Amino acid sequence: MPLPQDFIATDFASWRAGVRPLLASEHAAASGPLSLPRPLMRLLESLACYRGDGRWELMFRLAWRTLHENRRLLEDHADADVHRAVRMERAVRRDVHKMHAYVRFRGTAENTFFAWFEPQHEILRRAAPFFVKRFPNMGWTIATPDGAAVWEKQTLQFIAAPDAASRPVADEHETLWRTYYRSICNVARLNPAMMQREMPQRYWRHLPEAVEIRALLREGRADFASRQREGDQQKLSLASAVQEALQRLPVAADGPEKCRRCDLWRHATQAVSGAGPERARIMLVGEQPGDEEDLRGEPFFGPAGRLLDTLIAEAQLERKTLFVTNAVKHFKWEPRGKRRLHKRPDVAEIDACNVWLQREIASVQPEVIVALGASALRALTGRSLSIQLARSEVLQHGESRVIASYHPSAILRAPEQRAAQMRAHIIEDLRRAGTEVGQ
């Protein structure tokens, strides 16, 4: 049931008021009073802040499907609507975090403080309570293109954005702040790529310390290059030592289930070996089993596996013809409350487990191996390469052609636009694998 074409909403409250009659009219006759799960309501409130076309329609579709199709719809991470909603919610949450981190107040003639910020999404009302808790004893205004939040030490109000001419340009404390920033910044530890990824330059024009950042980057670039060269030499020495140590480790005759070449077996339920035909022309190699795979004993069975099934189908392949496995056979995790959260295996663990992957490759004899993610690529090539660069390289593992691609779990974590790109790349890479073997 689509939204009417003349439907208009400006925020969550107006959307809720507008769609409630639409949902209730069809629901009441069959199921009684209208009620949506609390996690869905929290998600919908967040989606209402997302600046982009289609948010109101997606919110309505999620509500309608939850009422009429599946009360546990949000648990289906492979569902296209749920997947899109989760990415949008993450984008909103990330934007709130950026606002908390990069708002800078300037003093005004009225002994209050003013800040201008340009968020990607409509998050002012979600982000403002943080500043009330942090600065309860000073009067301040935070203005955005969507409006302004005003705190007068007692009440928080939301008003129209002030005129640009009324914004303070600087105050008497900025020189002191810039001096302090320069003194505490460790130039030797600057990583320009990571710094600019976490703090994009669109925020810089409103940061007093931005003047210092450019100078610090210039000063740190030479030192950073020097440290990078030293780090590369250390990595080569460590890799050689690891390979020598691995040669001395025993290989369990019973296979990975009895393997003790690293410590991952101590906290895993079981080893998860590959699955598929004894002879498969295409092999897919992921990173390691996840929580569901560890409990069930089958590779790619959880959310990433269900998404992979969808991508395989879109690439016009059949999973039953593919051999699917992982570079590491035991689940590496860390506790988070009652949950077990995935933790990326390190190079030593990937190398220690490589003997089992090589045995699978020798047994299956695939013509093409698709490396899903950097860990799989490392296991197959012995090199730490970015997937973006490796996709354009000609890679080989023995007699098998290696195609580098992204891991499906990366799609589940990525922002919407980036996730769509990675999804298209994985489908393209799977189709390329099928073409090379004539499927």
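For this structure, a couple of remarks:
- Residues that are assigned to a loop (DSSP other than H, G, I, E, B) and among the β-branched types (Val, Ile, Thr) were ranked within the range 259-308; the one that is most open to solvent (accessible area, probe 1.4 Å) is Thr269.
- Screening Leu317 against (1) assigned to a loop (DSSP other than H, G, I, E, B); (2) under 21 Å from Ala271 (Cα atoms) leaves a single unmet condition, (2).
- Here is the figure for the range 392-427: residues that are of a type outside the set (Lys, Arg) and touching a residue at least 40 places away in the same chain (Cβ under 8 Å) total 12.
- Test: Leu67 is touching a His at 6+ places or on another chain (Cβ under 8 Å) and open to solvent by less than 30 Å² (accessible area, probe 1.4 Å): yes
- Within the range 398-415, the set of residues being open to solvent by 10 Å² or more (accessible area, probe 1.4 Å) and not in a loop (DSSP other than H, G, I, E, B) comprises Arg401, Ser409, Ala410, Leu412, Arg413.
- Residue-level check: of (1) touching a helix residue (DSSP H, G or I) at 6+ places or on another chain (Cβ under 7 Å); (2) of a type outside the set (D, E, K, R); (3) modelled with pLDDT of 90 or more, Ala17 misses just (1).
- Of the residues making up the range 337-357, not a single one is among the aromatic types (Phe, Trp, Tyr), over 20 Å from Ser405 (Cβ atoms) and in a strand (DSSP E or B).
- Candidate set: the range 116-164, residues that are closer than 22 Å to Arg51 by Cβ, among the acidic types (Asp, Glu) and out of contact with any Cys (no Cβ under 7 Å at 6 or more places or on another chain); chosen: the one most open to solvent (accessible area, probe 1.4 Å): Asp146
- Condition met for Arg87 (charged (D, E, K, R) and open to solvent by less than 30 Å² (accessible area, probe 1.4 Å)): yes
- Among the conditions (1) within 16 Å of the chain's Cα centre (by Cα); (2) modelled with pLDDT under 95, the only one that His397 does not satisfy is (1).
- Among the residues of the range 33-69, those identified as hydrophobic (A, V, I, L, M, F, W, C) and more than 25 Å from Val96 (Cα to Cα) are Leu34, Leu36, Trp64, Leu67.
- Selection count, the range 24-54, where residues are modelled with pLDDT of 90 or more and in a helix (DSSP H, G or I): 10
- Out of Val169, Val211, Val187, sole residue that is at pLDDT 70 or above, of a type in the set (A, V, I, L, M) and either surrounded by fewer than 16 Cβ atoms within 10 Å (Cβ to Cβ) or out of contact with any strand residue (DSSP E or B) (no Cβ under 7 Å at 6 or more places or on another chain) (or both): Val211
- Taken together, Arg418, Arg423 contain a single residue that is assigned to a helix (DSSP H, G or I) and touching a Leu at 6+ places or on another chain (Cβ under 8 Å), which is Arg423.
- Test: residue in the range 45-54 that is of a type in the set (D, E, K, R), within 28 Å of Pro408 (Cβ to Cβ) and surrounded by fewer than 18 Cβ atoms within 10 Å (Cβ to Cβ): yes
- Consider the range 331-349 and keep the residues that are farther than 14 Å from Ser375 by Cα and not hydrophobic (A, V, I, L, M, F, W, C). The one that is most open to solvent (accessible area, probe 1.4 Å) is Lys338.
- Count of residues meeting criterion [charged (D, E, K, R), in contact with a helix residue (DSSP H, G or I) (Cβ under 7 Å, 6 or more places away or on another chain) and open to solvent by 30 Å² or more (accessible area, probe 1.4 Å)] in the range 70-84: 2
- The set of residues from the range 367-388 being closer than 18 Å to Ile426 by Cβ, of a type outside the set (Val, Ile, Thr) and buried (at least 16 other Cβ atoms within 10 Å of the Cβ) comprises Ala371, Leu372, Gly373, Ala374, Ser375, Ala376, Leu377, Leu380, Leu385.
The values are calculated or read from the model by the stated rules, or taken from the named source; none is laboratory data. Every value quoted in this text rests on a predicted model; they were computed, and no experiment measured them. All Cβ positions, glycine included, derive from the backbone under ideal geometry; neighbour counts span all protein chains shown. Side chains included, ligands, DNA and RNA excluded: accessible areas come from the protein's heavy atoms. Shrake-Rupley method; radii C 1.70, N 1.55, O 1.52, S 1.80 Å.
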